[in-house]
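The values are calculated or read from the model by the stated rules, or taken from the named source; none is laboratory data. Bear in mind that the values here come from a model prediction, so they are computed numbers and not experimental data. Neighbour counts run over all protein chains shown; Cβ positions are idealised from the backbone, glycine included. The area values use the complete protein model at the heavy-atom level, side chains included, leaving out ligands, DNA and RNA. Shrake-Rupley method; radii C 1.70, N 1.55, O 1.52, S 1.80 Å.
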Amino acid sequence: EKGGWPSFMAKEVAEEPDAVANTIRGRVRDGAVVIPELDGSDDLFRGVDRIIITACGTASYAGMVGKYALEQWARVPVDVELAHEFRYRDPVIGENTLVVSISQSGETMDTLMAVKYARERGARTLSICNTQGATIPRESDAVVYTHAGPEVAVASTKAFVAQITALLLLGLHAGRVRGTLSAADGAAAVAELDALPAKIAEVLAEEQAHVTQLAGWMADTRSVLFLGRHVGYPIALEGALKLKEISYIHAEGFAAGELKHGPIALIEPGQPVFVLVPSPRHSALLHAKVVSNIQEIRARGARVIVIAEEGDAAVLPFADEVIRIPLAGALFEPLLAVVPLQIFAMALATAKGLDVDQPRNLAKSVTVE
Ligand code: F6R
């Protein structure tokens, strides 16, 4: 079943270009995103004054990226809530709240209970799910399926990129329905979406060997930090989670701006830190802030591994290693930047002789609360 791959995880990472392409397929009409499953469901988005995205683990990090897309294109305030935290307080939700749940399996009990709770409170519910006919979509008013295909490895990879893709599609669909997205912006985003599969394939082709070698050198590392800003922040969290899950290495992701509020105290000579560098083409200011964060940690001896777009030379004087990704729109970069982090976690676990598909203490689907 692994089709010649050393692990399901390796196979599933290699399938990411297809997971993204299959999730987009059939959802673009005349240069605009139209999700057929949401035909006749325009009322889900009209009159909505708040969106809450709820999920667990990796799916919640996809949700954090989705927040940026939905706010930008559909102009609705979005909060991301861990599903297991949502129910144990008294959230302000009602008929004008749309609760978007995200689950690869569609069976995660924490997420299911959050969806049921939202419905009882009168909220509208939409789920993003990878498993046809699973419980969470059945309990929701509407569903947008990701088409990543079955994911076997415990650590989620291709489902994560498909979840982000579905959230981008949802943001574009909702923006069109709500009249907050111009046709020109919608068409530009569709062009970005269409280009993604080939760009992910390019990251795999160009960086797999480099990142694998890097992980081999770092097999004895005891702690790795990940920094990002904007949509790079959830990707930093995801990079850290992948490493914890399958390599059993202590890892933490931070919003880079938080450094000086505490985490910079962790930096000592030799500490490996991955930094996700946003494109200077999107925001020179954001880019400059991240470069200055890199200088701060470098000055304290950190071993800096940057993930930056092709041609960004500003990072070169301060980086020990540079991993390159192709140019993409701001909200599309996470789909490229996460790939080297997934490869890194997989290669490091492999270098330590661990079973990357079956990490200790974890199950693929968490059906208890
Ligand atoms: C991480 C991972 C978990 C899941 C989480 C939610 O690699 O696999 O964090 O993302 O348990 O699972 P689903 O998406 O099935 O609800």
For THR125, residues with placed amide H under 5 Å, excluding near neighbours: VAL99, ASP141, ALA142
When the helices in the chain are scored as -39500 (n - 2.57) per DSSP H run of 4 or longer and the sum is shared across all residues, what 222 nm value do you end up with, to the nearest 500 deg cm²/dmol? -14000 deg cm²/dmol
Using only Cα atoms and rounding to the nearest 10 degrees, what angle (0 to 90) does helix 333-351 make with the longest principal axis of the chain? 50
Note: ALA14 to GLU268 extended length (0.36 nm per residue) minus current alpha-carbon separation gives 87.9 nm
Expressed per residue, the solvent accessible area of the chain in Å² (1.4 Å probe) is about 39
Simple label model, 7 Å out from Cα along Cβ direction - GLN295 to ASP49, nm: 4.6
If each of ARG281 and ARG29 carries a label point 7 Å out from its Cα toward its Cβ, how far apart are those two points in nm? 3.1
Spatially proximal lysines relative to LYS11 (Cα-Cα < 21 Å; intrachain offsets below 8 disregarded): LYS2, LYS158, LYS199, LYS242, LYS244, LYS352, LYS364
Contact order relative to length for region 147-253, counting C-alpha pairs under 8 Å separated by 6 or more residues, stands in percent at 18
Identify all aspartates and glutamates with a Cα-Cα distance to LYS260 below 12 Å; exclude those on the same chain that are fewer than 8 residues away in sequence. GLU296
Sorting TRP73, TRP5, TRP217 on solvent-accessible surface, 1.4 Å probe, most exposed first, gives TRP217, TRP5, TRP73
Note the angle between two axes, namely the Cα long axis of helix 109-120 and the longest principal axis of the Cα atoms of the chain, as a number of degrees from 0 to 90, rounded to the nearest 10. 30
DSSP bridge orientation in region 1-98 - percent antiparallel, rounded to nearest 5: 20
Run the quick spin-label model on SER41 and SER223: label points 7 Å from Cα toward the beta carbon, then report their separation in nm to one decimal. 4.4
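At R0 = 25 Å, how high is the FRET efficiency between VAL366 and ASP90 if r is their beta carbon distance? Nearest 0.05 is fine.
Given R0 = 25 Å and the Cβ-Cβ separation, E is 0.50.
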Measuring from the longest principal axis of the C-alpha atoms of the chain, the long axis of helix 183-217 (C-alpha) lies at a number of degrees, nearest 10, equal to 30
Assign unit charges at the C-beta atoms only (+1 for Lys and Arg, -1 for Asp and Glu), then state the dipole size of the chain relative to its Cα centre in Debye, rounded to the nearest 20. 440
For the chain, build the charge dipole from Cβ charges (+1 Lys, Arg; -1 Asp, Glu) around the Cα centre, then report which of GLY257, PHE274, GLN104 sits farthest towards its positive end. GLY257
Rounded to the nearest 10 Å², the accessible area of MET64 at probe 1.4 Å: 40
Taking a ≥ b ≥ c as the square roots of the Cα gyration tensor eigenvalues, with a/c under 1.5 meaning rounded and otherwise prolate when a/b beats b/c, else oblate, which class fits region 302-348? oblate
Taking a label point 7 Å from the Cα of LEU354 along the Cα→Cβ vector, which residues of region 1-31 have an amide N closer than 17 Å to it? 7-10
FRET efficiency estimate (nearest 0.05) - Cβ-Cβ, LEU316 to ARG119, R0 41 angstrom: 0.20
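Shape call for the chain from the C-alpha gyration tensor, a ≥ b ≥ c root eigenvalues: rounded (a/c under 1.5), prolate (a/b greater than b/c) or oblate?
On the way: a/c = 1.57, a/b = 1.40, b/c = 1.12.
Here the chain falls in the prolate category.
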